[in-house]
Amino acid sequence: MDDRRSVKVSKYVSKHLRHQPDRIGLVLDPQGWVEIDELLDAAAAHGFALSRAELDHVVATNDKQRFAVRGTRIRANQGHTVPVDLELPEAEPPAYLYHGTVAAALDSIRVEGLRPMARHHVHLSPDRETATRVGARRGRPIVIGVDAGAMRAAGHVFRISANGVWLVDTVPPGFLRWP
Ligand code: HQG
């Protein structure tokens, strides 16, 4: 399976496990899981034939480990816009986390802090390199530090997804550390 096909499958599966399951007639359970056979059948019925072997390959080799398989079911590890409760446990974050964004968002972020926008949580990265890659999806990346230790001391709840993304409801502006 070549890289282009892997990326295509990953994007297709992400889209339907995170954002638009109903577009292909899928119903996620409350924790975001769906039967793998149902996903493959729904994809095929909507013009995107993909084999179980291809799906397994993408789950195993995906650069960001975007998907989890448990038994006969699959879900996205994070990034949903449809309502799901991933039931992630609270976790103790490192002292500092990082958020990658672009210049156009900065004025608003200075005033409002970080907001989840369309997703369920603000996504934070454990290191600058990862945050740089996240920001670079939208343009020239700018990395903002987040004083996670101070936030936790102030009672903010942190969770970590199965693929190492830190999730928090909001980051008020006072906890941002500007470059
Ligand atoms: C910005 C990808 C204005 C925020 C990545 C970002 C990540 C604000 C955008 C994951 C704002 C939201 C998430 C405010 C935040 N005013 N703009 N107050 N607060 N923003 O895509 O963090 O490939 O929802 O800076 O790698 O970019 O999909 O969040 O630019 O892990 O697996 O609003 O998505 O992973 O964008 O990315 P997103 P994100 P996947």
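Just one of the numbered conditions (1) within 16 Å of the chain's Cα centre (by Cα); (2) surrounded by fewer than 18 Cβ atoms within 10 Å (Cβ to Cβ); (3) of a type in the set (Ser, Thr, Tyr); (4) in a helix (DSSP H, G or I) is not true of residue 81; which one?
All conditions pass for residue 81, except number (4).
Being more than 10 Å from the ligand (Cβ to nearest atom) and farther than 30 Å from residue 22 by Cα is true for just one of 83, 94, 89. Which residue is that? If you could, list the steps in order and put the result at the bottom.
On the way: 83 fails: farther than 30 Å from residue 22 by Cα; 89 fails: farther than 30 Å from residue 22 by Cα.
Answer to the check: 94.
Before we move on, is residue 107 of a type outside the set (S, T, N, Q) and touching a helix residue (DSSP H, G or I) at 6+ places or on another chain (Cβ under 9 Å)?
Against the criterion (of a type outside the set (S, T, N, Q) and touching a helix residue (DSSP H, G or I) at 6+ places or on another chain (Cβ under 9 Å)), residue 107 does not qualify.
Condition first: open to solvent by less than 60 Å² (accessible area, probe 1.4 Å), of a type in the set (D, E, K, R) and farther than 14 Å from residue 81 by Cα. Now tell me which residues in segment 6-24 satisfy that. Give the steps one after another, and end with the answer.
Initially, segment 6-24 is screened for residues open to solvent by less than 60 Å² (accessible area, probe 1.4 Å), giving 6, 9-10, 12-14, 16-18, 21, 24.
Cutting the leftovers down to of a type in the set (D, E, K, R) gives us 18.
Residues satisfying the conditions do not exist here.
Taking residue 105, is it of a type outside the set (S, T, N, Q), outside any loop (DSSP other than H, G, I, E, B) and either more than 9 Å from the ligand (Cβ to nearest atom) or in contact with a Pro (Cβ under 9 Å, 6 or more places away or on another chain) (or both)? Steps first, answer last, please.
Values: of a type outside the set (S, T, N, Q): yes; outside any loop (DSSP other than H, G, I, E, B): yes; either more than 9 Å from the ligand (Cβ to nearest atom) or in contact with a Pro (Cβ under 9 Å, 6 or more places away or on another chain) (or both): no.
Criteria not met by residue 105.
May I ask you to verify whether residue 88 is touching a residue at least 60 places away in the same chain (Cβ under 8 Å), open to solvent by less than 80 Å² (accessible area, probe 1.4 Å) and not hydroxyl-bearing (Ser, Thr, Tyr)? So that I can check it myself, show each step before the final result.
Working: touching a residue at least 60 places away in the same chain (Cβ under 8 Å): yes; open to solvent by less than 80 Å² (accessible area, probe 1.4 Å): yes; not hydroxyl-bearing (Ser, Thr, Tyr): yes.
Criteria met by residue 88.
What are the pairs, 6+ residues apart or on separate chains, where a residue within segment 91-117 that is in contact (Cβ under 8 Å) with a residue 24 or more places away in the chain and open to solvent by less than 100 Å² (accessible area, probe 1.4 Å) has its Cβ under 7 Å from a residue that is among the polar types (S, T, N, Q) and within 6 Å of the ligand (Cβ to nearest atom)?
Sorted first by the residue in segment 91-117, then by its partner, the pairs are 109/101.
Restricting the search to segment 164-175, which residues are within 16 Å of residue 116 (Cβ to Cβ), surrounded by fewer than 17 Cβ atoms within 10 Å (Cβ to Cβ) and not acidic (Asp, Glu)? Write out each step before concluding.
Of the residues in segment 164-175, the ones within 16 Å of residue 116 (Cβ to Cβ) are 165-173, 175.
Pick out the ones that are also surrounded by fewer than 17 Cβ atoms within 10 Å (Cβ to Cβ) and you get 169-170, 172-173.
170, 172, 173 - these are the residues of segment 164-175 that are within 16 Å of residue 116 (Cβ to Cβ), surrounded by fewer than 17 Cβ atoms within 10 Å (Cβ to Cβ) and not acidic (Asp, Glu).
Limited to segment 129-163, what total is found for residues that are more than 10 Å from the ligand (Cβ to nearest atom) and either surrounded by fewer than 15 Cβ atoms within 10 Å (Cβ to Cβ) or not in a helix (DSSP H, G or I) (or both)?
We begin by selecting, within segment 129-163, every residue more than 10 Å from the ligand (Cβ to nearest atom); these are 129, 132, 140, 143, 145-160, 162.
Still in the running and either surrounded by fewer than 15 Cβ atoms within 10 Å (Cβ to Cβ) or not in a helix (DSSP H, G or I) (or both): 129, 140, 143, 145-147, 150, 153-160, 162.
Of the residues in segment 129-163, 16 are more than 10 Å from the ligand (Cβ to nearest atom) and either surrounded by fewer than 15 Cβ atoms within 10 Å (Cβ to Cβ) or not in a helix (DSSP H, G or I) (or both).
Residue check: is residue 63 out of contact with any His (no Cβ under 9 Å at 6 or more places or on another chain), at pLDDT below 95 and within 20 Å of residue 3 (Cα to Cα)?
Working: out of contact with any His (no Cβ under 9 Å at 6 or more places or on another chain): yes; at pLDDT below 95: yes; within 20 Å of residue 3 (Cα to Cα): yes.
So residue 63 passes the test.
Residues 76, 53, 60: which one is crowded, with 17+ Cβ neighbours inside 10 Å and either under 17 Å from the mean Cα position of the chain (by Cα) or more than 14 Å from residue 12 (Cβ to Cβ) (or both)?
Working: 53 fails: crowded, with 17+ Cβ neighbours inside 10 Å; 60 fails: crowded, with 17+ Cβ neighbours inside 10 Å.
After ruling out the rest, the residue left standing is 76.
The values are calculated or read from the model by the stated rules, or taken from the named source; none is laboratory data. Just so it is clear, the model here is predicted, and its values are computed rather than measured. Glycine gets a Cβ as well: all are built from the backbone with ideal geometry, and neighbour counts include every protein chain shown. Keep in mind that these areas ignore ligands, DNA and RNA; they rest on the heavy atoms of the full protein, side chains included. Shrake-Rupley method; radii C 1.70, N 1.55, O 1.52, S 1.80 Å.
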